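Notes follow the structure.
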Amino acid sequence: MNNTLLSNNNSALRVRHLGLTDYSNTWRQMSDFTNQRQRDTVDELWLLEHQPVFTFGQAGKPEHLLDPHSIPVVKSDRGGQVTYHGPGQLIAYPLISLQGLHLGVRGFVDRIEQCLIKTLADFAIEAERRQGAPGVYVKNAKIAALGLRLRHGYTFHGLSLNVAMDLTPFQWINPCGYAGLAVTQIADLIEQSPPNVAAVSTVLSRHFCQLFDYIPVSDD
């Protein structure tokens with residue numbers, strides 16, 4: 001695990017690089033973190049990959065899971081419908097106090113989407129939002145999904161960005177509840193060798209800190 005400590009308006013953000021993790025274990029850990037945090041608890045950003053899993057949000061409808069094959073299915077407490085996570089996809093979980101950022105939920109989501117757009121621009125990929133459909137798109141294909149949860153003013157769960165993965169399991173669901181929605185990834189949109197998840201996570205965390213006005217500080 002590689003941790004970096006950053007500060008924002010005299011508070012701090014700890015960036016954790018967790019590697020490849022089990023979804024249910026990570027969900028439990030971030031839920032525990034959120035339940036136990038105090039007013040002076042340092043905000044965190046977890047960057048990782050998940051082992052293959054289909055996850056349902058609170059609004060998830062069973063009919064959007066067409067065929068799970070042998071992939072585990074987990075019903076979580078995040079927002080949104082059904083999605084797929086697997087190796088080669090960057091997951092980012094911001095465990096953030098919205099009060100500390102002086103932001104509402106809509107403003108927070110807008111900045112998260114802008115963070116993704118800026119990250120993709122660094123790889124010469126032009127991405128955009130779509131009205132009424134959270135996430136980030138390249139032309140008509142979804143490349144990043146959002147599924148957040150707010151508890152007592154603190155955010156958890158977060159976003160996924162497809163980097164260089166097997167996209168086949170997306171054919172076994174209606175991604176985010178949309179039948180026939182095309183899904184893409186960085187590896188299919190650039191001519192050079194695709195970056196790995198670690199490289200993309202470094203770019204994303206840099207833009208995250210810039211957009212939310214975090215400044216690096218020492219960890220002492």
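Here are the numbers for the structure shown:
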item: Leu13 in a strand (DSSP E or B), surrounded by 17 or more Cβ atoms within 10 Å (Cβ to Cβ) and at pLDDT below 90; result: yes
item: Check on Ala127, surrounded by 18 or more Cβ atoms within 10 Å (Cβ to Cβ), among the hydrophobic types (A, V, I, L, M, F, W, C) and touching a Gly at 6+ places or on another chain (Cβ under 6 Å); result: no
item: Scope the stretch 79-123; condition modelled with pLDDT of 95 or more, under 15 Å from the mean Cα position of the chain (by Cα) and part of a loop (DSSP other than H, G, I, E, B); matching residues; result: Gly86, Pro87, Gly88
item: Set Gly86, Gly104: member being touching a residue at least 24 places away in the same chain (Cβ under 8 Å) and not hydroxyl-bearing (Ser, Thr, Tyr); result: Gly86
item: Test: residue in the stretch 166-176 that is at pLDDT 95 or above and under 16 Å from Ala92 (Cβ atoms); result: no
item: Enumeration of residues in the stretch 133-185 that are out of contact with any strand residue (DSSP E or B) (no Cβ under 6 Å at 6 or more places or on another chain) and of a type in the set (D, E, K, R); result: Lys139, Arg151, Asp166
item: Subset tally (residues that are closer than 18 Å to Thr168 by Cα, part of a loop (DSSP other than H, G, I, E, B) and in contact with a helix residue (DSSP H, G or I) (Cβ under 8 Å, 6 or more places away or on another chain)) for the stretch 56-71; result: 5
item: Selected residue (criterion: surrounded by the fewest Cβ atoms within 10 Å (Cβ to Cβ)) from residues of the stretch 44-83 that are among the hydroxyl-bearing types (Ser, Thr, Tyr) and touching a residue at least 24 places away in the same chain (Cβ under 8 Å); result: Ser76
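The values are calculated or read from the model by the stated rules, or taken from the named source; none is laboratory data. Predicted model, so just to flag it, every value in this text is computed and none were measured. All Cβ positions, glycine included, derive from the backbone under ideal geometry; neighbour counts span all protein chains shown.
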